[in-house]
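Contents: one structure, followed by commentary.
The values are calculated or read from the model by the stated rules, or taken from the named source; none is laboratory data. Computed from a predicted model, the values in this text were never measured in an experiment. Cβ: placed from backbone, ideal geometry, glycine included. Neighbour counts: every protein chain shown. All accessible areas refer to the heavy atoms of the entire protein, side chains included, with ligands and DNA or RNA removed. Shrake-Rupley method; radii C 1.70, N 1.55, O 1.52, S 1.80 Å.
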Amino acid sequence: MSAEDNTTMFENVKRICHDNRGCKGLEFATNVSDLVVEEVGDGNLNDVFRILSPTFKGRNSAVAKRGPPYIKCLGPEYPLTINRNKVEYDALLKFDSIIPGCVPKPLCRATDENIYFMEDLKDYELMRHLLIKGVNCEEAILKLAQNIVHVHKETQVSKLSQKEKQELAENFKNEEMVALTNKFVFTAPFVNGEPTNQCADNVRPLLPQIYDDPNVLQTAEKMRKLFLEKKECLLHGDLHTGAVMCTSDGKDPKMMDIEFAFVGPCAFDVGMFLANLIFTYYQHMSTQQDNDTHRQYAYGIVNLGKRFVKIYMEHMTCISGSIEHFMSEVTGFCGCELIRRTVGVAHVEDFKDSEFGEQEALGAGIRLLQAVDRIETVDKLMVIALMLA
């Protein structure tokens, strides 16, 4: 965004916030000339702004989120529905109604302007950043397991009335965002030569392990179909450590970036989050400075990943079929996420300073897709993925 575009956008955000000052949480926007706007976040899809009034006494800020009509990280040549802004706001309302405080408080949405306002979590940090720094996030991770399983249980399709099923399906059909996941998680990373794929030079020699292995490709296709066809409950749809904020001491998790919310297989949210804990594991295992400390932290992350899944399974009642079948689905989705984040368009910050982290993560993803039908427990998943003794 150019400086001129920034200025215009900032002025628009001020005006829209001021116009909606009657909404609870936006009372600070009384004087438009007093408002200050700054762009925050570096997401792949959306523009995110903090807007505040330095002179207002009390809660004096909020966060505004706008979805441009294209994929931000790829540019205008990759158009994307602006309806995702409405879906995300509706999902925030839904999640907050089920478990108040599990997401930033949604404040209001300016329908005609394709922008919504929510609570400013200015004293919170991305869980991913805390994990990279080696902060103990045990409380946040285990609380997150309880929160997401509760959302899944309360939106379990098999327990809803016919009218409730229809409303849930209609409100969160989210076809274009589902198509985006279909393409960039389950399709493009498994197509050799796909132009949007990106990988490091030291990862490139491993690519034949994906593209020359029919078992890996067939399993990815199986997971793609499962993602599209199995309707169990309302999902976050993109649950990873960069889509959760918590306090700087690793507590009070709040899910965010819920524009991918849709009705699908509950194992998808679980597998995606577990994969991102595996990224944390490899980031710390490959950190050379003070390696013993980092390795101990990494082993703790493995344990937290196991506990996350076990807490989820203790409370989940909408799993279709056997527990073993559910874990096979978690394994497949986890493997796809590990692969797409190492060879696809969207990588993770965890490996910014790691020479071999992406290689290790890719290997873990490949092993999981190869063994998907043999994994019945999270313990076995971790043993195979991480090659633990």
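For this structure, a couple of remarks:
- Rounded accessible area per residue of region 152-222, 1.4 Å, Å²: 56 Å²
- Taking region 134-247 as the region of interest, the number of lysine pairs whose Cα atoms are within less than 16 Å, with members eight or more places apart or on different chains, is 17.
- With the gyration tensor restricted to C-alpha atoms of the chain, the semi-axes of the equivalent ellipsoid amount to 34, 23, 21 Å, longest first.
- Legend: P(r) of region 301-389 from all alpha carbon pair distances, 5 Å bins from 0, whole percents, reading 3, 14, 22, 23, 19, 11, 5, 2, 0.
- Modelled spin labels at Lys57 and Lys251, positioned 7 Å past Cα toward Cβ, are 3.0 nm from each other.
- Between the alpha-carbon centres of region 202-263 and region 26-66 there is a gap of 31 Å.
- Full-stretch length increase - Leu74, Lys159 - with 0.36 nm per residue and alpha-carbon distance subtracted: 26.6 nm
- Count of lysine pairs in region 250-389 with Cα separation under 24 Å (8 or more residues apart, or interchain): 6
- On a per residue basis, region 57-97 carries 45 Å² of accessible surface, using protein heavy atoms and a 1.4 Å probe.
- Taking only the alpha carbons of region 225-322, we obtain Rg and Dmax values of 15.4, 46 Å in that order.
- For peptides 235-245, 88-98, 186-196, sequence by mean Cβ density within 10 Å, most packed first: 235-245, 88-98, 186-196
- Ordering Gly58, Gln156, Asn114 by Cα displacement along the dipole of region 1-156 toward the positive end leaves Gln156 in first place; charges were set at the Cβ atoms of Lys, Arg (+1) and Asp, Glu (-1).
- Portion, in percent, of the accessible area of region 245-292 that falls on carbon or sulfur, probe 1.4 Å: 44 percent
- Per residue, region 251-312 exposes an accessible area of 30 Å² to a 1.4 Å probe, with every protein chain left in place.
- Assuming charge only on the beta carbon of Lys and Arg (+1) and of Asp and Glu (-1), the dipole of the chain about its Cα centre is about 880 debye to the nearest 20.
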